[in-house]
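Heads up, the thing below is written out as structure tokens.
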Amino acid sequence: MKFLQIALGILTAIGGFVDIGDLVTNGLVGARYGMSLAWATVLGMIGIVLFAEMSGRVAAVTGRGTFDLVRERLGPRAGLANLIASFLVTALTFTAEIGGVALSLELATSVNYLLWVPLVGLLVWLVIWRVKFSLLENGAGLLGLALVVFGVALWKLHPDWGSLVHQAATAAKPPIENLPSYFYYAIALFGAAMTPYEVFFFSSGGVEEGWSKKDLMIERANVFIGFPLGALISLSIAACATIVLKPLGIQVDQLGQVGLPVAFALGKIGIAVALIGFIAATFGAALETGLSCGYSIAQYFGWQWGKFVKPREASRFHVSVLLTLLVAIGFVLTTTDPVKITEYSVVFSALALPLTYFPILVISNDPDYMGEKTNGRLMNGAATIFFIIITIASLAAIPLMIWTKAGQ
Amino acid sequence: MTNKPPGRVIDLDLHLLDRQVVDRDGKFVCKVDDLEFERGENGALYVAKILVGPRARAQRVGGRIGVWIRSIAERLATEPMPTIDIASVIEIGSDVKVAASRDELDVDPLEDWVRDHIVSRVPGSRHASK
């Protein structure tokens, strides 16, 4: 039973790792820079592993979600500023995910994505309102495993593996590209792999499922096995784009282009599976970001939150999610390109990361909260080094955005 | 330390302020937004009440935003500031547990208003999804 639970957790962590940010950014970067930025994805993966492990462990030991701790450590004033910044980034990601679901449905049906947006919004709300948390989490994660098709496509394309590895290992920037844009996209990939909502959702989800110290095994298996395997999907998306799109000089600015290599390698069946993966991954992430918006507000103010109580017992939580959803739908309906929204959302994610990472790093070291479950020496060393990396990425994000005119 | 004052000594800033208050059924009630003190017979200060709500929080948010929150909250408020007697607190750990239920404490009228006027009218609001 325990084994099944762990296996299920790992599978959903793999399928849930990729969202619209990873799809777009990896496709875009692969087509433009080849595998030379793979290091940024790997770095982001290590970062999210550390961050999620700490906040998941804190949630399991104390029963507190991320924003409970942000407010406890930073107080109401800095906590409020932090809440506003993190909420805006998560709401922007939520908007991008909803746009992503609609774009995926357009690819599958040829019906304009704007017509899908209201329906997608309604479905997101219905699922958050009604569906069991475990079903919501596992369903989307398992269907998201369809994206493994990118790995299969990569294998079928018979790439020159040596060249791919060489590009990744030497971080060889294509000579025609300038250095600031190269680093701008490094930050974008870092933010795509290490999006703050993933941690809000992971830790609050632990509370939803009533994790205790006994469940630390499941938590660690999710993080240490599931997330790296999920990052492999990200890397195969980039590798597929490197092999098929880059030689053709295709600049990725549509979601459909990300799926082209799969169609090229595996034909109709492949593209059908990829589309299922797109829809599941973006829809799952829309649920997670939507819930995360509610979690963070409710945890700051101390309201009842969560799907483990009836909706009427967590009334403001559900109203917050609904209002955020309405704003997100409205934003997508302004016809702002969801792919563009995604490109900005991953960079803003990198910008906002230190705000929540720092309080979690402090608390996971605090024996008052954690008893004997504080960070080990290795964990703490790695987490501290990453705090420096995250801070540098955050400080560089906006200057690079302005300098490169968002990566041009 | 022979004449140590009675009561438990904790670091209020680290261990009480901004903690989650949880009722006897495990429901989330509010945060410890601020505290009210009382002087004991021995002259020492004791925590008497947990202050709850935007008016309590505004002062600690401070600055112009704090003034702004406070003036709006005071204009909208119809009742005195909600409080929880420290005597009803049964445990202070990673959360603050109280012996009463959420409804008995009645410190968050807005949550109840939203529940009664908005959420309860939506079909399925009484449906436990666990």
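The values are calculated or read from the model by the stated rules, or taken from the named source; none is laboratory data. Only a predicted model underlies this, so the values are computations on that prediction, with no experimental measurement involved. Cβ atoms come from the backbone with ideal geometry, glycine included; neighbour counts cover every protein chain shown.
Just give me the residues in the stretch A:331-342 being in a helix (DSSP H, G or I) and either surrounded by fewer than 22 Cβ atoms within 10 Å (Cβ to Cβ) or β-branched (V, I, T) (or both), in sequence order.
A:F331, A:V332, A:L333, A:V339, A:K340, A:I341, A:T342
Only one of these conditions is not met by B:I90: (1) touching a strand residue (DSSP E or B) at 6+ places or on another chain (Cβ under 9 Å); (2) surrounded by 13 or more Cβ atoms within 10 Å (Cβ to Cβ). Which number is it?
(2)
Considering every residue within the stretch A:21-28, establish whether at least one is outside any helix (DSSP H, G or I) and hydroxyl-bearing (S, T, Y).
no
Return the pair list, or none, for Cβ contacts closer than 8 Å from residues in the stretch A:108-132 that are at negative phi to residues that are acidic (D, E) and surrounded by 14 or more Cβ atoms within 10 Å (Cβ to Cβ), at least 6 apart or on different chains.
Taking only residues 6 or more apart or on different chains, the pairs are A:N112/A:E106; A:Y113/A:E106; A:W116/A:E106.
When you scan the stretch A:316-330, do you find a residue that is surrounded by fewer than 24 Cβ atoms within 10 Å (Cβ to Cβ) and at the interface with chain B (Cβ under 8 Å from one of its Cβ atoms), even just one?
So far as the stretch A:316-330 goes, yes, one or more of its residues are surrounded by fewer than 24 Cβ atoms within 10 Å (Cβ to Cβ) and at the interface with chain B (Cβ under 8 Å from one of its Cβ atoms).
Determine whether B:R57 is surrounded by 15 or more Cβ atoms within 10 Å (Cβ to Cβ), within 12 Å of another protein chain (Cβ to nearest Cβ) and not in a loop (DSSP other than H, G, I, E, B).
Against the criterion (surrounded by 15 or more Cβ atoms within 10 Å (Cβ to Cβ), within 12 Å of another protein chain (Cβ to nearest Cβ) and not in a loop (DSSP other than H, G, I, E, B)), B:R57 qualifies.
Looking at B:A56, is it modelled with pLDDT of 90 or more and either more than 15 Å from the chain's Cα centre (by Cα) or over 20 Å from A:G63 (Cβ atoms) (or both)?
Spelling it out, B:A56 is indeed modelled with pLDDT of 90 or more and either more than 15 Å from the chain's Cα centre (by Cα) or over 20 Å from A:G63 (Cβ atoms) (or both).
Pull up the stretch A:375-384, narrow it to residues that are hydrophobic (A, V, I, L, M, F, W, C) and surrounded by 13 or more Cβ atoms within 10 Å (Cβ to Cβ), then point me to the one that is nearest to A:S349 (Cα to Cα).
Per the criteria, the residue is A:A383.
Just one of the numbered conditions (1) at pLDDT below 90; (2) assigned to a loop (DSSP other than H, G, I, E, B); (3) facing chain A (nearest Cβ under 10 Å) is not true of B:M1; which one?
The number of the failed condition is (3).
Look at A:G270 and say whether it is more than 14 Å from every other protein chain (Cβ to nearest Cβ), in contact (Cβ under 8 Å) with a residue 60 or more places away in the chain and surrounded by 18 or more Cβ atoms within 10 Å (Cβ to Cβ).
Here the answer is yes, as A:G270 does meet what is asked.
Sort out which residues of the stretch B:30-53 are closer than 15 Å to B:P109 by Cα and at the interface with another protein chain (Cβ under 9 Å from one of its Cβ atoms), and write them in order of number.
Result: B:C30, B:K31, B:V52.
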